[in-house]
Structures are given as C-alpha cells and as structure tokens.
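The values are calculated or read from the model by the stated rules, or taken from the named source; none is laboratory data. What you see is a predicted model; the values in this text were computed from it and never measured. No Cβ is skipped: glycine too gets one built from the backbone with ideal geometry, and neighbour counts run over all protein chains shown.
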Amino acid sequence: MTDHMQDAFKEKIVDPARKAGEALRDAGGKMAENGSTVSLKMLDQAETNTREAFNAMRAAASATDLSEVMKIQGDFIREQSARNMTQAREIGELILKFGRDTVGMVRGEKG
C-alpha cells in the first residue's frame, strides 16, 4: 500500500472509527451517570411519598370522627394522585433529556 493509500485509509476509515469509539465510550459513561441521577430522583420521590403517607396516618389517628378520617383519606388520595403525575412527568423529562444528550454525544455534538 502506498503512503497516499495509507493516508486515505487512515483519514476515511481509521480516524472516523476511532472518533466513533470515543463518542460511544463517552456516551456510555454519561448514560451511567444519568442512570444514577434518575435513581436518586426516584429515591427522593419515594421519600416524599412515604413522609406524606405518614403525615396522613398521623392526621387520621388524631381525627375525632369517621367523617374527618374520610376527609383526610380523600385529601391524601387526591394529593398523592397529583404527586404521582408530577413525579412521572419529572422522570420522563429527565429520561428524554438524557436520551437527547446521549444521542448528541454519539453524533459528536457538544452539549
């Protein structure tokens, strides 16, 4: 193989393959970091949900009659449903952002 052919091969095949490998390695590291971020967010959400459940149980335990218990329970269910929707949206948004960032890294975009 001539020097010109070797240079062309390196320029057209070797360098792009090396750059693609580096981008995939960097994206893999970012994916692991992002997975940790999502896990921590889910732990924070679980902690909030548990705290709110215990708050509702305490309120129900100190209620003076059944109607008050029912109101506390209804309020808790409504608030928990809203919290679940918000938490699902937060996790979905994180995953979408991380997906866009990772695809951008693989494509060689800075971000």
Filter pass, residue 12 being modelled with pLDDT of 95 or more and either assigned to a helix (DSSP H, G or I) or of a type in the set (Asp, Glu) (or both): no
Quick check on the range 17-36. Is at least one of its residues surrounded by 11 or more Cβ atoms within 10 Å (Cβ to Cβ), of a type in the set (Ser, Thr, Tyr) and either under 21 Å from residue 93 (Cβ atoms) or at pLDDT 90 or above (or both)? no
